[in-house]
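A.B. asks: First, the structure itself, so that you have it in front of you.
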Amino acid sequence: VAMRDPDRTADFDRAMADLRVFLNLVGDTCGSERDRDILIQRKTGRLYAVDFSRAFAPTKGTVLGCEIRSCSRSFYHKLLDWNKKSVRALVAPYLNEEEVQALEARVGSVLQMIRTLIETRGEGAVLF
């Protein structure tokens, strides 16, 4: 996506960064296959990921090819405040036990990935 306004480009980059974190969290695909499912509102540059039919696979690791490079501070803090019991209650009608366990494992993996980035690159370079 080519944007002329530097502020909108930065907003787009931040939105994509959070989307990559989210895709890792829900265990969805990333990359060129996923890019077809991302809509961009022309006036605002807002992103909308529209197809999560491959999400919540019972795999416990992060998504290959969907490297996390940065994350919004608010998203990171929400992950730190993750409450297993509350999340389980919310997703129970939609996910089976194996999928819930995989989601919980991915939360830990995503947090570890972000913590490692913060340790190596510094908080200011990772969180926005």
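Read-outs throughout are calculated quantities, based only on the coordinates presented, and are distinct from any laboratory measurement. Nothing here was measured: the structure is a model prediction, and the numbers come from that model. A quick note on method: Cβ atoms are made from the backbone with ideal geometry, for glycine too, and the neighbour counts reach across all protein chains shown.
A.B. asks: For the stretch 76-128, what is the charge dipole size about the Cα centre, in debye to the nearest 20, if Lys and Arg each add +1 at the Cβ and Asp and Glu each add -1 at the Cβ?
C.D. replies: Computed charge dipole of the stretch 76-128: roughly 140 debye.
A.B. asks: Now for a different question. So which aspartates and glutamates can Lys84 reach, going by Cα to Cα under 19 Å and dropping same-chain residues fewer than 8 places off?
C.D. replies: Correct list for Lys84: Glu97, Glu98, Glu99, Glu104.
A.B. asks: Averaging over all projection directions, find the projected area of the Cα convex hull of the chain and quote it in nm² with one decimal place.
C.D. replies: Dividing the Cα hull surface by four gives the mean projection, 8.4 nm².
A.B. asks: For Ala49, list long-range residues whose amide hydrogen, built 1.01 Å from N in the peptide plane, is under 5 Å from its own amide hydrogen.
C.D. replies: Residues meeting the criterion, in which the H sits 1.01 Å from N, are Leu39.
A.B. asks: While we're looking at this one, here's another question. Report the charge-dipole magnitude of the stretch 1-116 in Debye, nearest 20, computed about the Cα centre from +1 at each Lys and Arg Cβ and -1 at each Asp and Glu Cβ.
C.D. replies: Computed about the Cα centre, the dipole is about 320 debye.
A.B. asks: Now, a different point. Out of Val91, Val63, Val107, any idea which swings most in a Gaussian network model of the chain, alpha carbons joined below 10 Å?
C.D. replies: Val91
A.B. asks: Moving on to the next point. Once you sort the root eigenvalues of the Cα gyration tensor of the stretch 58-99 as a ≥ b ≥ c, which label holds: rounded (a/c under 1.5), prolate (a/b larger than b/c) or oblate (the other case)?
C.D. replies: It is oblate, given that a/c is not under 1.5 and a/b is not larger than b/c.
A.B. asks: Another one. Using θ = phi - 60° and the Karplus curve 6.51 cos²θ - 1.76 cosθ + 1.60, what whole-Hz ³J(HN,Hα) does each residue of the stretch 113-125 get, with Gly and Pro shown as x?
C.D. replies: With coefficients 6.51, -1.76 and 1.60, one gets 4, 5, 4, 5, 4, 5, 5, 8, 9, x, 4, x, 8 Hz.
A.B. asks: Turning to a different aspect of this structure: For a quick check, take a GNM of the chain with Cα springs below 10 Å and name the residue from Ala92, Ala17, Ala49 with the largest mean-square fluctuation.
C.D. replies: Ala92
A.B. asks: Which cysteines in the chain lack any other cysteine whose Cβ sits under 4.7 Å from their own Cβ?
C.D. replies: Result for the chain is Cys71, no neighbouring Cys Cβ within the cutoff.
A.B. asks: Counting alpha carbon pairs within less than 8 Å and at least 6 residues apart, what relative contact order, in whole percent, applies to the chain?
C.D. replies: It comes to 30 percent, rounded to a whole number.
A.B. asks: Rank Leu79, Leu19, Leu90 by mean-square fluctuation in a GNM of the chain with C-alpha springs under 10 angstrom and give only the top-ranked residue.
C.D. replies: Leu90
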